[in-house]
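Student: Below you will find the structure I want to go over with you.
Read-outs throughout are calculated quantities, based only on the coordinates presented, and are distinct from any laboratory measurement. Predicted, not measured: the structure shown is a model, and the values here were computed from it. In this analysis, Cβ positions are derived from the backbone assuming ideal geometry, glycine residues included, and neighbour counts consider all displayed protein chains.
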Amino acid sequence: MRLPQLEHPDGYVGLYVVDFGATCSVGYTAEEVAMLLESEAHAEAKVYRIYDAAPDGRLALKGVPRERFQLETGLLFYYRDLEAARRGFEEMRGLASAQGLPCRAQLLLGAGEKSLRLPFVVGLAYPAEYDEDVSRWMLDNQVTAGEHADGGLGRLETIRSRFHVTETAQLHAAAKRQARDRQEVYASVGRPVQRIA
């Protein structure tokens, strides 16, 4: 696999390289990779995440299994009362709007049985491939939500099965990392650099 020369290679950290066999392209978001992998035409493509970049343009890559792009994960923040949960929901929505998440996400507010010790929950659902990025975003923004927090691949079923979801909000990725639409992604296959970082 031969990668193109990149200006400002550090701007590509967190994005993806897709090896199509005959060609490869640098600069896809995880959502764009998921679109490509849904196509039979790209069923054999190999995907690598850019973890680091040297000033001379060398990239540190890590292979990513294609299944990872079809999974959803999330974080759950539990509260004792509805007002605190509602404040947590609004604070998370405001922070995501102001600071831009690393990916698209859905924010959920739910209410469970009153007999539960912490009967209210705020959930943040997002593509599993962004797990590390969302965790880093939470730490960087010093998010301290809920009285108890939980997360992982199977945890979203908790909010959907044990809690009545009363409110949702779509959260968007930071502007420089927003995915293009499917038509644009497919039309750009073969272009060595997908976006200027």
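Student: Could you give the length gained by full extension between LYS46 and GLU90, i.e. 0.36 nm per residue of separation minus their alpha carbon distance, to one decimal place? Don't jump to the answer; show the numbers that get you there.
Tutor: On the way: separation 44, 0.36 × 44 = 15.84 nm, distance 3.92 nm.
Full extension from LYS46 to GLU90 adds 11.9 nm.
Student: Given labels modelled 7 Å from the Cα in the Cβ direction, how far is it in nm from ALA149 to PHE20?
Tutor: 4.0 nm
Student: In addition: Helix-only mean residue ellipticity at 222 nm, the chain, DSSP H runs n ≥ 4 weighted -39,500 (n - 2.57), per residue, nearest 500. What is it?
Tutor: Value at 222 nm, helices only, nearest 500: -7500 deg cm²/dmol.
Student: Over the residues of the stretch 70-177, compute the C-alpha Rg and express it relative to 2.2 N^0.38 Å.
Tutor: 0.99
Student: If you don't mind, there's one more thing I want to ask. Please report how far the C-alpha centroid of the stretch 144-178 lies from that of the stretch 8-31, rounded to the nearest whole angstrom.
Tutor: 28 Å
Student: Under 8 Å for C-alpha pairs, at least 6 residues apart: give me the relative contact order for the chain, rounded to a whole percent.
Tutor: Relative contact order, the chain: 27 percent.
Student: Specify, per residue and in Å³, the volume enclosed by the convex hull of the alpha carbon atoms belonging to the chain.
Tutor: Convex hull volume per residue, Cα atoms: 119 Å³.
Student: How much length is gained if the chain between GLN170 and ASP56 is pulled fully straight, taking 0.36 nm per residue apart and subtracting their Cα-Cα distance, in nm to one decimal?
Tutor: Once the chain is fully extended between GLN170 and ASP56, it gains 37.2 nm.
Student: Between ALA187 and ARG160, 0.36 nm times their residue separation minus their Cα-Cα distance comes to what?
Tutor: Taking 0.36 nm per residue and subtracting the Cα distance, the gain is 6.1 nm.
Student: So, one more: Within 10 Å of each candidate Cβ there may be at most 12 other Cβ atoms; applying that plus a DSSP loop requirement, which GluC sites (Glu not before Pro) in the stretch 3-73 survive?
Tutor: When the GluC sites (Glu not before Pro) of the stretch 3-73 are filtered for loop state and at most 12 Cβ neighbours within 10 Å, GLU7, GLU44 remain.
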